[in-house]
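To keep things clear, I will list the structure first and then write my remarks on it.
The values are calculated or read from the model by the stated rules, or taken from the named source; none is laboratory data. Keep in mind that this is a model prediction, so the values were computed, not measured. A quick note on method: Cβ atoms are made from the backbone with ideal geometry, for glycine too, and the neighbour counts reach across all protein chains shown.
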Amino acid sequence: MARIVLTGNLKLYTGGVTELELESGSIRSLLRDLRRQFPDIPEDIEDELAVSIDGILHQDDWFAKINSDSEVHLLPRIAGG
């Protein structure tokens, strides 16, 4: 199972959980699985997230592959101006 690390405000929706293991094949399925486990996660959370899979940042690549031995970090999206 992939190791999932939740950062930023996500712990507000997960009852303080910041790490867990899930078997999800893509970022899209990971978010769906997280919502099933933590129903308080907002439906539009994708707008606020960047995702790092094994050290590679994915922003808006919802079908990026997550391997069973991956380490995934859900991070607050950084916007510049």
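Laid out as a table, the results:
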| quantity | calculated |
| --- | --- |
| Count - residues of segment 1-18 that are of a type outside the set (A, V, I, L, M, F, W, C) and in contact with a Lys or Arg (Cβ under 7 Å, 6 or more places away or on another chain) | 1 |
| Test for residue 40: is it among the acidic types (Asp, Glu), surrounded by 12 or more Cβ atoms within 10 Å (Cβ to Cβ) and in contact (Cβ under 8 Å) with a residue 12 or more places away in the chain | no |
| Residue list for segment 1-37, restricted to those being of a type outside the set (Phe, Trp, Tyr), assigned to a loop (DSSP other than H, G, I, E, B) and free of Cβ contacts under 8 Å to residues at least 60 places away in the same chain | 14, 15, 16, 17, 18, 23, 24, 25 |
| Search result, residues across segment 38-81 that are part of a loop (DSSP other than H, G, I, E, B), among the charged types (D, E, K, R), modelled with pLDDT of 95 or more and closer than 16 Å to residue 5 by Cα | 54, 69 |
| Qualifying position, being of a type in the set (Ser, Thr, Tyr), in contact (Cβ under 8 Å) with a residue 12 or more places away in the chain and surrounded by fewer than 16 Cβ atoms within 10 Å (Cβ to Cβ), among 52, 68 | 68 |
| Residue satisfying all of: in segment 5-44; out of contact with any helix residue (DSSP H, G or I) (no Cβ under 7 Å at 6 or more places or on another chain) and of a type in the set (Val, Ile, Thr); farthest from residue 65 (Cα to Cα) among these | 14 |
| Residue check, residue 50 of a type in the set (A, V, I, L, M) and touching a Pro at 6+ places or on another chain (Cβ under 8 Å) | yes |
| Residue among 5, 17 that alone is surrounded by fewer than 16 Cβ atoms within 10 Å (Cβ to Cβ), touching a Phe, Trp or Tyr at 6+ places or on another chain (Cβ under 9 Å) and hydrophobic (A, V, I, L, M, F, W, C) | 17 |
